[in-house]
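All remarks here apply to the structure that follows.
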Amino acid sequence: MKHLFGIAQLSREQIEYLVNLGASFVELSRRSVKKAPTLRGKTIINLFFENSTRTRTSFELAGKRLSADVINISASTSATKKGESLLDTGETLAAMQPHVLVIRHAIAGTCEFLADYLPDTSIVNAGDGAHEHPTQILTDLLTLKQTWDSPQGKVITIVGDIAHSRVARSHLLAAQKLGYSVRVVAPKTLLPLAIERFGCEVYHDFDAAIPGSDVLYMLRMQTERMTSSCCFPSIREYHEAYGLNRRRLDMAGKDCVVMHPGPMNRGVEITSDVADSARSHILDQVECGVAVRMAVLTALCGGGQTEPVRRSRKREQAEAAMKAQGKLL
Ligand code: NCD
């Protein structure tokens, strides 16, 4: 595997391989000395153009626990603030010869775009707009593996802002590959058009979707991606209709668990008593997030990486063009 752009590119076997590899790393983080030499000599750059706590920190910890050198760059401190283009930033960082560039960006497809220009760097998608968030889904699958052997046949009910959620979209893709079902629950204004093409069940009434669910997976309202303010009437009404509270949790089967990719908005999509209850796996997701990112970095760095070349493709193309024109370099 050279890059990780999304769940769409992965086969069932690759997903299972990464989740199983992640399972083998959980124990490392629980030790008092949290270090293995697996990625010694590798360089990882985390380039985040959108806010993040869990994903950025877990990629950083994952790299450091495996002995890689890890650099973090956020949009607010990068030269894009001085007008540099995304491509120039990408080529500049690639010229420093990292093995892996982990990217979060508000625009869908950013990772694939950069990969075309940075042939010698592995790229990991840490969330691109409302498109994909593959490592969150691998994290969720590892979390669920601690309860069930396989997600096959289970029902994951995803509630809230489906329209703007890369997490929901990646789960819908994973469900088709791994044989679990997804129910989506949202008002029409928070559902993407033609959501049925993913083969999911669509509900507008949260209560109706609860019986038979194995996971109630709550989403934050992603206002940063909303282009209109009329997606829902008010926070109070949204909470009434789509918030997970004790009454709704009591309607679910006794083995049904609660998940959330974070960050949570307590009192909006979930009440505090539910978020902090014994049925909540939200902090387990955070722990598994580090292990899964260790697995992804290992898979990308371990597989016969060629030695990086010194010049960028752009430079080589420019040189070839000048040669063709008989100009001196
Ligand atoms: C999610 C994301 O960034 O898409 N969070 C995460 O990575 N932990 C969900 C969200 O921001 O609501």
Would you work out which of ALA241, VAL185, LEU93 lies farthest towards the positive end of the dipole of the chain, given +1 charges on the beta-carbon of Lys and Arg and -1 on that of Asp and Glu, about the Cα centre? LEU93
Rounded to the nearest 500, what is the chain's calculated 222 nm mean residue ellipticity when only DSSP H runs of at least 4 contribute -39500 (n - 2.57) each, over all residues? -11500 deg cm²/dmol
Where does each of LEU173, LEU249 land when they are ordered by accessible area, with a 1.4 Å probe and the largest first? LEU173, LEU249
For the range 135-218, calculate the relative contact order in percent as a whole number, restricting contacts to Cα pairs under 8 Å that are 6 or more residues apart. 36
By how many nm would the segment from MET96 to GLU16 grow when fully extended, if each residue of separation counts as 0.36 nm and the alpha-carbon distance is taken off? 25.5 nm
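Nothing charged except the Cβ atoms of Lys and Arg (+1) and of Asp and Glu (-1): what's the magnitude of the dipole of the range 148-280 about its Cα centre? Round to the nearest 20 debye. Could you put the intermediate results ahead of the total?
Details: 16 positive and 15 negative charges, 56 e Å.
That gives the range 148-280 a dipole magnitude of about 260 debye.
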Length gained if ALA23 through THR189 is fully extended, taking 0.36 nm per residue and subtracting the Cα-Cα distance, is 56.0 nm
Could you pull out every one of the lysines with an alpha carbon less than 23 Å from that of LYS154, ignoring same-chain neighbours closer than 8 positions? LYS145, LYS177, LYS254
On full extension of the chain, what length is gained from THR53 through GLU201, given 0.36 nm per residue of separation minus the C-alpha to C-alpha distance? 50.1 nm
Taking a ≥ b ≥ c as the square roots of the Cα gyration tensor eigenvalues, with a/c under 1.5 meaning rounded and otherwise prolate when a/b beats b/c, else oblate, which class fits the range 21-68? oblate
Starting from the 7 Å offset along Cα-to-Cβ, what nm value, one decimal, do you get for the label separation of GLU240 and ALA75? 3.5
Percentage relative contact order, the chain, counting C-alpha pairs under 8 Å, at least six apart: 21
If r is the Cβ-Cβ distance from ASP250 to THR227 and R0 is 41 Å, what FRET efficiency results, to the nearest 0.05? 0.65
Once you have a ≥ b ≥ c as the square roots of the Cα gyration tensor eigenvalues for the range 148-280, tell me rounded if a/c is under 1.5, and otherwise prolate or oblate according to whether a/b is larger than b/c. oblate
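Quick one: compute a quarter of the convex hull surface over the Cα atoms of the chain and quote it in nm².
Result: 19.0 nm².
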All lysines inside 20 Å of LYS64 as judged from Cα atoms, apart from same-chain residues fewer than 8 positions distant: LYS34, LYS35, LYS42
When DSSP beta bridges are limited to those with both residues in the chain, what percentage is antiparallel, rounded to the nearest 5? 5
With DNA, RNA and ligands ignored, accessible area of GLU240 (1.4 Å probe; Å², nearest 10): 120
Alpha carbon centre of the range 53-90 versus the range 124-170: separation in Å? 23
Indicate the helices, whole DSSP H runs only, in the chain that combine a mean Kyte-Doolittle hydropathy of 1.0 or more with a Cα extent along their long axis of 24 angstrom or more. 282-302
Highest mean packing first, using Cβ neighbours within 10 angstrom, the peptides 290-298, 35-43 sort as 290-298, 35-43
Cα-based shape type of the range 47-103, given that a ≥ b ≥ c are square roots of the gyration tensor eigenvalues and the cut on a/c is 1.5: oblate
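The values are calculated or read from the model by the stated rules, or taken from the named source; none is laboratory data. Quick caveat: nothing in here was measured; it's all calculated off a predicted structure. Note that we place each Cβ from the backbone using ideal geometry, even for glycine, and neighbour counts take in every protein chain shown. Heavy atoms of the whole protein, side chains included, go into the accessibility calculation; ligands, DNA and RNA do not. Shrake-Rupley method; radii C 1.70, N 1.55, O 1.52, S 1.80 Å.
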